[in-house]
Amino acid sequence: MHIAIASGKGGTGKTTLSVNLAAHLSRSGFPVTLVDCDVEEPNAHLFFQPQWAWTRTAHAPVPAVDSSRCIGETCRICVTECRFKALIWMGEIMEFPELCHGCGLCMEACPAGAITESTRVIGTVQMGTVQMDAVRAESISPQNSHTADTPALRLLTGSLRVGEAMSPPLIRELFGQLEQLDQLDMGVHAGQAERIRVSVPRRNEEIVLRDCPPGTSCPVITSMDGADYTILVTEPTPFGLHDLQLAVETLRTLKQPFGVVINRSGMGDNRVDEWLAAQAIPVLARIPHSQQAATVCAEGQLLINALPQMRDAYAALWERLHQIVTQGRNTTEAETTGEAASAKASALSTTIHGVKTNARPDTETDTKAARHAAALQSASEAHHA
Amino acid sequence: MRELLVISGKGGTGKTSITAGLAATGPAKVVADCDVDAADLHLIALPQAQGVVPGTTQAHPFHSGQRAVLDPDQCTQCGICHEKCHFNAITEDIRLRPEYCEGCGMCAYVCPAGAIRMQERLCGQWFRSETRFGTMIHAALGIAEENSGKLVTTVRTVSGDTAREQGLDVILTDGPPGIGCPVIASLTNTRMALLVSEPTRSALHDLQRIVELTRHFRVPAALLLNKADIHPALADEMRAWCAENNLPVAGEFGWTEDFTQAQLLGLAVTEYRPDAWKPRFEQLWETLLARM
Ligand code: SF4
Ligand code: SF4
């Protein structure tokens with residue numbers, strides 16, 4: 001099961017939520033892989049002391065033009081076809097790798113077969129494991145407890161080369177690496193993998209948490225692609241609400257189910273709550289605002305280790321989330337098993353997708369830009385009234 | 001033109017609140033919001049009943065790049081486009097997923113039935129607004145749209161033109177998060193970058209990457225250490241790191257409720273509590289302008 005953790009705005013606590021939820025799930029006996037998709041500013045590893053199993057350079061495809069085979073000025077098809085001006089003609093074909101999107105069109109189009117795929121380095125991918133200490137075993141529910149070892153948590157992190165503009169290829173590379181990892185082979189020493197295999201209860205399915213970058217454009221879209229559920233993290237402030245609205249629109253555009261966690265609950269006002277209620281979007285948890293929590297996070301410590309109330313908050317969050325996601329699955333099954341269940345199914349999907357089925361806006365007109373303009377309009381009207 | 005860009009790496013450090021404070025103080029200027037993905041500055045600069053004059057926000061469409069459009073009547077379901085698209089933007093049953101389309105034109109090129117054509121793409125809008133801080137140029141990238149870097153460039157070009165028209169010499173820009181394409185578009189040839197950070201492990205890590213980026217593009221940078229008192233030991237570590245790495249510290253602010261309270265009211269912190277904050281922001285401007 002893939003769960004994405006995202007938000008329209010940076011700094012709402014996505015990474016805090018990701019690392020604490022990952023730790024909680026790992027302690028509860030789930031095999032967990034945390035994928036840090038915020039390759040521009042990867043931070044998840046700061047909260048753990050992962051044992052790095054390997055580091056690999058990540059590459060993006062770029063064309064390599066063999067000038068001896070190139071037909072020359074009379075052809076220049078690659079130059080004409082490339083929409084990103086990554087190839088230009090200057091007496092010969094010149095390549096601008098930083099502009100290349102790696103679409104492969106030039107290779108496809110070249111009639112002389114003069115263009116082959118080469119690569120350039122865009123960053124690194126690292127895989128590590130974190131052995132969650134068993135000291136906090138009291139937080140583990142009895143049916144999942146394993147006395148000696150708690151399972152290891154896998155951490156897959158990408159780091160964009162500084163100066164590199166495009167992060168989506170690196171995010172795709174993370175998912176590619178993830179696929180290659182055998183579910184139970186933790187990628188470390190055989191012995192340790194063996195131990196882990198024993199300690200992980202098989203009935204628990206693997207959970208992949210994706211810590212997404214902020215925003216609503218390509219890096220986020222790439223990170224959320226295909227997730228079974230998305231947790232949107234926000235805070236109760238005007239900026240928080242505005243950015244949450246953008247994130248919600250993004251999820252609706254992608255037609256993916258989601259719910260919201262209100263972080264630093266109590267720091268601002270009620271506008272986020274009111275808006276979510278009006279939109280019938282499920283609130284998965286409210287994590288209270290506290291100075292203590294801020295200090296723990298500042299140090300790069302896990303909240304669920306330091307603060308008992310946080311341990312409870314994360315346990316409750318997971319319970320709620322798990323309930324919603326399982327419901328969603330039943331819904332999907334019901335939908336495929338025919339007419340009889342379909343009424344129930346659609347009733348369920350109303351709650352799961354929140355507004356997706358009942359209060360879905362007209363996506364064509366309710367674009368972010370249109371709403372932005374409408375907000376400005378209403379602001380000026382309010383002033384005039 | 002003296003352009004001051006405010007950035008922070010990941011966000012949550014108070015970047016936009018600081019930009020609002022700078023917007024409300026200092027020299028006459030044009031204000032630009034280059035966080036086109038999730039712009040927030042207009043929530044302060046153009047809140048309800050705060051000096052918005054109707055008709056002074058002009059919206060302009062922003063077109064950039066192309067997008068594939070499929071004509072199902074001509075499509076023979078051969079599947080070549082699905083196979084060739086490098087971005088997973090065409091499903092196996094030949095449906096376009098526009099959010100994933102990179103606009104490269106591969107599918108249109110390979111389609112033997114001519115069922116796909118490339119169309120100009122509306123990626124968002126940019127705005128020119130008259131605010132109590134001066135003219136503001138801002139933008140909204142469409143949901144799941146590409147080309148944020150080019151929209152940033154548009155905002156910067158228009159800001160520059162506006163400043164010239166108005167005979168102004170200073171542009172204040174709220175920057176995007178991260179170190180990728182929109183940040184790079186904001187940073188190139190900017191006079192100075194103000195890096196807003198806070199004493200946390202994550203923020204220190206982000207700061208190191210963003211400093212590397214400013215050096216890569218040869219843009220002088222200075223740090224504003226926000227919430228400096230939330231973790232004194234880490235704050236010391238940050239100051240030491242700055243000293244070691246020749247990053248000047250332009251100012252330090254302590255943690256305060258004032259930023260959130262001001263935001264709730266749609267005000268810059270210097271408007272919310274002028275006695276406490278105006279002098280500090282004027283001082284910050286002085287320090288920065290001396291370096292610009
Ligand atoms: S792969 Fe695509 S973007 Fe890169 S040079 Fe070739 S045509 Fe241009
Ligand atoms: S234009 Fe390129 S990215 Fe878009 S669907 Fe066609 S092949 Fe894929």
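The values are calculated or read from the model by the stated rules, or taken from the named source; none is laboratory data. Keep in mind that this is a model prediction, so the values were computed, not measured. Here the Cβ is made from the backbone with ideal geometry for all residues, glycine too, and neighbour counts use every protein chain on show. For the accessible areas, the whole protein counts, side chains as well, though only heavy atoms, and no ligand, DNA or RNA atoms are used. Shrake-Rupley method; radii C 1.70, N 1.55, O 1.52, S 1.80 Å.
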For the pairs A:LYS9/B:LYS29; B:LYS150/B:LYS278; A:LYS85/B:LYS15, flag any whose C-alpha to C-alpha distance is greater than 32 Å. B:LYS150/B:LYS278; A:LYS85/B:LYS15
Could you run the Karplus curve 6.51 cos²θ - 1.76 cosθ + 1.60 with θ = phi - 60° over the stretch B:231-243 and give me ³J(HN,Hα) per residue in whole Hz, x for Gly and Pro? 8, x, 5, 5, 4, 4, 4, 5, 4, 5, 4, 5, 4
Loss of accessible area when A meets B, both sides summed, Å² nearest 100, probe 1.4 Å: 6100 Å²
At 0.36 nm per residue, and after removing the present C-alpha to C-alpha distance, how many nm does the segment from B:GLU92 to B:GLU257 gain when stretched out fully? 54.1 nm
Thinking of the stretch A:67-113 as a set of Cα atoms, what percent of all their pairs are more than 18 Å apart? 18 percent
Would you pull out the residues with amide H under 5 Å of B:ALA32's amide H, same chain only if 5 or more places away, H placed 1.01 Å from N? B:ILE137, B:LEU172, B:THR173, B:ASP174
First measure r as the distance between the Cβ atoms of A:THR80 and B:MET1, then evaluate 1/(1 + (r/R0)^6) with R0 = 45 Å and state the FRET efficiency to the nearest 0.05. 0.80
Using the Karplus curve 6.51 cos²θ - 1.76 cosθ + 1.60 with θ = phi - 60°, what ³J(HN,Hα) values do you get for each residue of the stretch A:318-327, in whole Hz, with x for Gly and Pro? 5, 4, 5, 5, 4, 4, 5, 5, 5, 4
Which trypsin sites (Lys or Arg not before Pro) from the stretch B:153-222 combine a DSSP loop assignment with at most 11 other Cβ atoms within 10 Å? B:ARG218
Karplus 3J(HN,Hα) series, Hz, for the stretch B:197-214 with 6.51 cos²θ - 1.76 cosθ + 1.60 (x for Gly, Pro): 9, 9, x, 9, 4, 5, 5, 5, 4, 4, 4, 4, 6, 6, 5, 4, 5, 4
What is the stretch B:72-114's relative contact order, in percent, from Cα pairs under 8 angstrom and six or more apart in sequence? 42 percent
Just the accessible area per residue of the stretch B:248-292, please: how many Å² with a 1.4 Å probe? 49 Å²
Per chain B, cysteines lacking a partner by the 4.7 Å Cβ criterion: B:CYS34, B:CYS75, B:CYS78, B:CYS85, B:CYS101, B:CYS111, B:CYS123, B:CYS181, B:CYS242
Relative contact order for chain B: what is it in percent, counting Cα pairs under 8 Å that are at least 6 residues apart? 27 percent
Could you please tell me the mean projected area of the C-alpha convex hull for chain B, averaged over all directions and given in square nanometres to one decimal? 17.7 nm²
Per-residue average of Cβ from other chains inside 10 Å of B:253-265: 2
B:GLU120 and B:ALA240 label points (each 7 Å along its Cα→Cβ direction) are spaced in nm at 5.8 nm
